[in-house]
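What follows is a set of notes on a single structure, which appears directly below.
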Amino acid sequence: MHRFSHSAPISRFRLSSFLLWVLMFLIPAAVAVFIYSVFAHVTLYSYIAIGMIFLAVFLRIIQWFLASRAKCPLCMVPSLSNRGCAKNRNARKLLGSYRLRVAGTILLRNYFRCPYCGEPTVMELRQRKTSLIHSK
């Protein structure tokens with residue numbers, strides 16, 4: 001399995017994965033609250049739904065920015081972005097999305113398999129080999 005050489009990409013992957021899953025629940029919740037507010041004729045719920053939609057847009061912009069900088073250490077393609085590139089033949093989807101599969105395995109199993117190159121990557125830092133040079 002591949003590992004990262006710096007801790008910044010690990011943070012980007014984890015935060016972007018978390019935001020992607022939050023958005024998957026926030027958007028349907030906002031739509032449900034808005035539909036309920038229309039049928040119940042409660043304007044407070046309409047304002048809450050609109051606020052949830054604005055929050056979703058704001059979080060989506062942050063997630064897009066983080067996902068575009070979170071790259072696979074082997075192929076250097078952003079694994080949480082939809083690039084339109086050819087996927088690996090063994091890449092699998094979750095709920096119709098390659099990105100959700102990557103985000104889910106990052107959050108639950110602490111590794112991911114890149115949908116583009118197909119190589120597994122552990123969310124850990126690479127151990128650097130240090131050589132001791134004895135000087136006389």
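Miscellaneous remarks
- Whole-number percent relative contact order across the range 8-95, with pairs defined as alpha carbons under 8 Å at least 6 apart: 33
- Cα-based helix-to-principal-axis angle, 8-40 vs the chain, degrees rounded to 10: 10
- When you filter the trypsin sites (Lys or Arg not before Pro) in the range 77-131 for DSSP loop state and at most 14 other Cβ atoms inside 10 Å of their Cβ, you are left with ARG83, ARG89, ARG92, LYS93, ARG126, ARG128, LYS129.
- When you restrict to C-alpha pairs under 8 Å that are six or more residues apart and normalise by the size of the range 36-136, the relative contact order lands at 17 percent.
- Solvent-free Debye scattering, log10 I(q)/I(0), computed from the Cα coordinates of the range 2-125 at q = 0.11, 0.17, 0.18, 0.21 Å⁻¹: -0.43, -0.81, -0.88, -1.09
- Residues LEU80, LEU55, sorted so that the one with the fewest Cβ neighbours within 10 Å comes first: LEU55, LEU80
- Sequentially through the range 83-95, phi angles give Karplus couplings (6.51, -1.76, 1.60; θ = phi - 60°) of 8, x, 6, 5, 8, 5, 5, 9, 5, 10, 9, 10, 6 Hz, Gly and Pro residues having no value and appearing as x.
- Cut-off under 5 Å, modelled amide H: who pairs with SER97 long-range: none
- Taking amide H atoms as placed 1.01 Å from N in the peptide plane, the amide H of HIS2 lies under 5 Å from those of THR121, VAL122, each 5 or more residues away in sequence or on another chain.
- Any cysteine of the chain lacking a neighbouring Cys Cβ under 4.7 Å - listed by number: CYS85
Every number in this text was worked out from the coordinates using simple rules, so none of it is lab data. From a predicted model like this one, the values you see are computed outputs, not experimental measurements. Cβ sites come from the backbone with ideal geometry, for glycine too, and all protein chains shown count toward neighbours.
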